[in-house]
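Participant: Here it is, the structure in full.
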Amino acid sequence: MNRILVLEQIKRALNPPRVIRALEEGFVAYSEGRVNVPPVGQLNFEDPPGDCHIKYGCVPGDEYFVVKVATGFYRNPDLGLPSSNGLVLVFSQKTGQPEAILLDEGWLTDARTAAAGAIAAKYLARKKPVQIGIVGTGTQARMQLEWLPHVIDCRDVMVWGRSKTRAEQYRKDMTAAGFVVRVAADIAQLCAECDLVVSATAARRPIIPEALIRPGMHITAVGADGGGKRELEAGVFKRADICVVDSLSQCSAYGDASWALREGAISEVRLIELGRVIGNPELGRRHDGQITVADLTGVAVQDIQIARLVLENL
């Protein structure tokens, strides 16, 4: 092994447009069956609440294979610590020798998740959204908004969070980043006024109900990546004209789509993988009146693609 890279080196090696392109290619390859991605390893913790995900895989014939360990402990901000952490291990696909350790502190997971949210918006949201709605106030809620301008031209934002104090801090921080941000009184106001909604929480009960869904809305849900998490009522999928998932196998087992399947709101034939939509944009939004939803649980091909970019650029 000849490389141990820390967070600042990793950040300097990447730029969002290149990450978005690489992830689009990765999603297409995944949906075409050209990626070896075993089931996710997962540990869940109750007190304090948290989880550890192990995602790994390779594109056969590539130089590397990747093992990613990511943790999320959701009371950490009360201790002055980030809620997410982790690292990425890169090995030679020819020899099995370790090639690099990316001490990214969970940032690569956050970045590739934000990039996936931007990709979902690119193919599923209206071309000119009136207002972006952000549900949540944590790291991912911030990064989702930061990456959206790479695919859509909208700076008007409404945020809702369980803590009014954190929502107000979000407003201040993201206003300083160049957005025009208001704090929503409740979810009903956010859904009534926003046509592109991103939900990024660790909720275990639905936050967005079916009753608030309107024609023309797009919803991207990124928080329910396992461990009983859930952000959307099952009826959201029933109302949607297009239901997109990053992985049929993962989203049928956990994530918001799995709840909709178990509760009989939809059948699996209603779900289409994001890679298929990227490969054939006609499968995405076709007119402004459609309701679309994307359930993103995070796929190892995202970790493979972003780790490869880091090493290529360094």
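Participant: At a 10 Å Cβ-Cβ cut-off, how would you order H53, H287, H150, fewest neighbours first?
Facilitator: Values: H53 22, H287 8, H150 17.
Ordered by Cβ neighbours within 10 Å, fewest first: H287, H150, H53.
Participant: Helix 164-176 versus the longest principal axis of the chain: what angle, 0 to 90°, nearest 10, using Cα atoms?
Facilitator: 70
Participant: Using only Cα atoms and rounding to the nearest 10 degrees, what angle (0 to 90) does helix 300-313 make with the longest principal axis of the chain?
Facilitator: Roughly 60 degrees between the two axes.
Participant: I'm a student and want to see the number: the projected area of the Cα convex hull of the chain, averaged over all directions, in nm².
Facilitator: Projected area, direction-averaged: 14.9 nm².
Participant: Using the reciprocal of the averaged 1/r over all distinct C-alpha pairs, how large is the Kirkwood radius of the stretch 26-83 in Å?
Facilitator: 13.4
Participant: Moving on to the next point. Highest first, please rank the peptides 14-21, 114-121, 100-107 by the mean number of other Cβ atoms sitting within 10 Å of their residues. Intermediate values should be presented prior to the final figure.
Facilitator: Details: 14-21: 16.8, 114-121: 27.2, 100-107: 20.2.
The peptides rank, most packed first, as 114-121, 100-107, 14-21.
Participant: How far, in nm, would the chain grow between D78 and R204 when pulled straight, counting 0.36 nm per residue and subtracting the alpha carbon separation? Mind showing how you got there, number by number?
Facilitator: On the way: separation 126, 0.36 × 126 = 45.36 nm, distance 1.94 nm.
Roughly 43.4 nm would be gained on extension.
Participant: Let me ask something else about it. At what distance in angstrom do the alpha carbon centres of the stretch 267-297 and the stretch 100-158 lie from each other?
Facilitator: The stretch 267-297 and the stretch 100-158 have Cα centres spaced 18 Å from each other.
Participant: Another question, if that's okay. If you split all Cα-Cα distances of the stretch 105-184 into 5 Å bins from zero, what percentages do you get per bin, shortest first?
Facilitator: Going out from 0 Å in 5 Å bins, the stretch 105-184 shows 3, 16, 27, 24, 20, 8, 1 percent.
Participant: Now, a different point. Give the cross-link partners of K55 among the lysines, using a straight C-alpha distance below 24 Å as the criterion and excluding same-chain residues fewer than 8 apart.
Facilitator: K11, K68, K94, K229
Participant: Given just the C-alpha atoms of the stretch 123-299, how large is their convex hull per residue in cubic angstrom?
Facilitator: 102
Participant: Would you list D51, D288, D303, D153 from fewest to most Cβ contacts within 10 Å?
Facilitator: D153, D288, D51, D303
Participant: So if I take the centroid of the Cα atoms in the stretch 161-225 and the same for the stretch 1-36, what is the distance between those two points in Å?
Facilitator: Each part reduced to its Cα centre gives a spacing of 28 Å.
Participant: Order by neighbour count: K229, K94, fewest other Cβ atoms within 10 Å first, most last. Please report the intermediate quantities before stating the final value.
Facilitator: On the way: K229 22, K94 9.
Taking fewest neighbouring Cβ atoms as first place, the list is K94, K229.
Rule-based calculations on the coordinates, nothing more; no lab input. Predicted model, so just to flag it, every value in this text is computed and none were measured. Methodologically, a virtual Cβ is constructed for each residue, glycine included, from the backbone with ideal geometry; neighbour enumeration extends over all protein chains shown.
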